[in-house]
There are 2 protein chains.
Amino acid sequence: MERFDRYLPMIESEMRNVTRGEDDRLNLFYGMMHYHLGWADEHFHPLDLHAGKRIRPTICMMACEAVGGNPEDALPAAAALELLHNFSLIHDDIEDDSRTRRHRSTVWALWGVPQAINTGDGMYSLAYKALLGLQRRSMPQDLILEAMERFSATCVALTEGQYLDMSFEERMEVTAEEYLHMVERKTAALLSTSAYLGALIGGADRETAALYSLFGKQLGIAFQMEDDILGIWGDEEVTGKPVASDILEKKKTLPVIFGLMKETSNGGSSPLWDMFRQDEITAEQARKAARILEEYGARSYTNTLAAEAHQMAMAALEGTGIENEAQADLRALAEKLLRRES
Amino acid sequence: MERFDRYLPMIESEMRNVTRGEDDRLNLFYGMMHYHLGWADEHFHPLDLHAGKRIRPTICMMACEAVGGNPEDALPAAAALELLHNFSLIHDDIEDDSRTRRHRSTVWALWGVPQAINTGDGMYSLAYKALLGLQRRSMPQDLILEAMERFSATCVALTEGQYLDMSFEERMEVTAEEYLHMVERKTAALLSTSAYLGALIGGADRETAALYSLFGKQLGIAFQMEDDILGIWGDEEVTGKPVASDILEKKKTLPVIFGLMKETSNGGSSPLWDMFRQDEITAEQARKAARILEEYGARSYTNTLAAEAHQMAMAALEGTGIENEAQADLRALAEKLLRRES
């Protein structure tokens, strides 16, 4: 077990406690959630897949510990963040028409779109149920309400980001600025809130909590850019997705935005534009697009911006002036995230 | 304007205040919500359709006033309840494959399933944002947290109920008891919470609030049974849905459950069973099923149970010992709901 996996058993147990029906007639409903979370196979037999990396709850608990709090106090928020994240994955898989995730069939692919929509809604509902568990910890009520405010604003931001991301697929011209505006909502908001809530619950002052919030936000931006790179150049064996899958889906990720802009400013031939103007992009074309983008320097451009965001995340951590084991773990986790392969 | 429409302008204004993006780039996202709520046409031009009856927020505010509270204090909860209800409608329309609602195209029929799923998620997020507005009213924090607990439990119940309802479509044998177990979650929970939150916010004691909760629950059960009757025998012109639409969708509503049970206990011929065993039910068959069910007495059976639930709702109101205008309005609204035609 890696050092920063030490919170995992607690996180899983907190999540399991809220992901449970009071009635046997609801076993299948909760079973679909357990399947998605990696606790059951598709026949609802118990399983322990460690399907998710549980990055968000881990960051939340580390931030809590780093500012001197008892990380267990952050468990309700940690579970809520992971459930919220997974609700969004269940719905994203429907919206993106993705039949597999982490080498397994997605919920909609197994049980159909109607049940998958509702299972996602159920998991979203459980996220709030989990968060309200903060009341069991001896914590001031105004702090609990502040956590709920932040959590709720994050939920709104997530859906705004998802709207923007989907709308980009239908538009040709998307700028890098619009991309960032989207990523701040779709990815960075939740990571930012994960670090913020941990610090808040751990008793940090406003200024310190704001720095953890900034750390999470910049980490989220770097994380998304890294994801964009994996979505084009990731190893099929490792990611579990087809080669250049984001191009197949015509996603306007940062490398693609860079490549399209480059062709526009160059004048001359525009193989990428021609491809993205088609109704469908074939697997062969997608592989070709990946090569073209690499030649344009889209990969190194994205890598550079990701590294900048990563540095800003580290500077925010540094700015807190805090130095202890948990803080070092946060730093190490951030490093690991930027060197991941799936 | 009817007497119990007096809260409507306040409710609409409270809902509008939370259903608004901070950024022009999100206009379409919020526009889809405005469309669904009857505030815009499909080109996002302003409209004032009074598309919904806003029953839940009206009950919430009436209950608040009836127990001696200031109904405006209940506005954040009222808006939250209506947004939650409408989120569930947007998703239900996808899950049920319904292209029209209240004589208008549904969100998914206009903008596709992916955007509709996400628009529903957005409205769900705004429901919590609305509820947190209780903090702007001078209200004890423990009361706000209690309201959030109840709201969250209701959200979970809604998705459980929807799961059960969908699973019934795939099962042949469903009992009246299972039906009630489903309806308590899918329909009654939200109406129960509407009345409960109004009473709670209005300052009612536990016992009184529990009676309003029971009133809402029984009203919800009666309401769903009435809905079941409209779904089979409703006037197409008034409901805006095809004749016997619930039978076309093979819904196991109470009249159908009664009819199927009757054929089972009778032995002999079983035209209804034969129909429901088919993959698809035609419009002609659905009309025939409506006639058969009427002959079996399924309509009067359902009417009788609805009347009983209605009486229990009234008895709960009576049990509070409260008599004033708002209480009389609650009674009148309940009467009106049971005599509705759409």
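The values are calculated or read from the model by the stated rules, or taken from the named source; none is laboratory data. Here the structure is a predicted model, which means the values were calculated and not measured. FYI the Cβ positions are ideal-geometry reconstructions off the backbone, even for glycines, and counts take in every protein chain you see. Note: accessible area is taken over every heavy atom of the protein model, side chains too, but ligands, DNA and RNA are not part of it. Shrake-Rupley method; radii C 1.70, N 1.55, O 1.52, S 1.80 Å.
Here are the criteria: (1) under 18 Å from the mean Cα position of the chain (by Cα); (2) open to solvent by less than 20 Å² (accessible area, probe 1.4 Å); (3) modelled with pLDDT of 95 or more; (4) facing chain A (nearest Cβ under 8 Å). Tell me which single one B:Met166 does not satisfy.
All conditions are met except number (3).
Here's the yes/no breakdown for (1) in a loop (DSSP other than H, G, I, E, B); (2) under 26 Å from B:Ala188 (Cβ atoms):
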position: B:Pro255; (1), (2): no, yes
position: B:Met275; (1), (2): no, no
position: B:Glu280; (1), (2): yes, no
position: B:Lys288; (1), (2): no, no
position: B:Asn303; (1), (2): no, yes
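Yes or no, residue by residue, for (1) within 14 Å of another protein chain (Cβ to nearest Cβ); (2) open to solvent by 20 Å² or more (accessible area, probe 1.4 Å); (3) free of Cβ contacts under 8 Å to residues at least 24 places away in the same chain:
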{"position": "B:Asp142", "(1), (2), (3)": "yes, yes, yes"}
{"position": "B:Phe151", "(1), (2), (3)": "yes, no, no"}
{"position": "B:Glu170", "(1), (2), (3)": "yes, yes, yes"}
{"position": "B:Leu190", "(1), (2), (3)": "yes, no, no"}
{"position": "B:Gly202", "(1), (2), (3)": "no, no, no"}
{"position": "B:Asp205", "(1), (2), (3)": "no, yes, yes"}
{"position": "B:Asp235", "(1), (2), (3)": "no, yes, no"}
{"position": "B:Met261", "(1), (2), (3)": "no, yes, no"}
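It is to be established whether one or more residues within region B:140-155 are farther than 28 Å from B:Lys251 by Cα and assigned to a loop (DSSP other than H, G, I, E, B).
yes
Considering only region A:40-88, state which residues are polar (S, T, N, Q) and either open to solvent by 20 Å² or more (accessible area, probe 1.4 Å) or closer than 20 Å to A:Ser98 by Cβ (or both).
Within region A:40-88, A:Asn70, A:Asn86, A:Ser88 qualify.
Residues that are in contact (Cβ under 8 Å) with a residue 60 or more places away in the chain and within 14 Å of chain B (Cβ to nearest Cβ), at least 2 per element: which helices (runs of 4 or more DSSP H) completely within region A:23-132 meet that?
By residue number, A:27-37, A:75-95, A:107-111, A:113-131.
Restricting attention to region B:1-20, report how many residues are within 14 Å of chain A (Cβ to nearest Cβ) and open to solvent by less than 30 Å² (accessible area, probe 1.4 Å).
Qualifying residue count, region B:1-20: 2.
Which of the residues spanning region A:153-163 are at the interface with chain B (Cβ under 7 Å from one of its Cβ atoms) and within 22 Å of A:Ile11 (Cβ to Cβ)?
Of everything in region A:153-163, just one residue is at the interface with chain B (Cβ under 7 Å from one of its Cβ atoms) and within 22 Å of A:Ile11 (Cβ to Cβ), namely A:Cys155.
Residue-by-condition table, conditions (1) in contact (Cβ under 8 Å) with a residue 12 or more places away in the chain; (2) open to solvent by less than 70 Å² (accessible area, probe 1.4 Å); (3) closer than 29 Å to B:Asp5 by Cβ:
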site: B:Ala289; (1), (2), (3): yes, yes, no
site: B:Glu294; (1), (2), (3): yes, no, no
site: B:Met312; (1), (2), (3): yes, no, yes
site: B:Ala315; (1), (2), (3): no, yes, yes
site: B:Ala328; (1), (2), (3): no, yes, yes
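Just need a number here: residues in region A:103-157 that are of a type outside the set (Ser, Thr, Tyr) and closer than 17 Å to A:His91 by Cα.
Adding up the residues that qualify gives 22.
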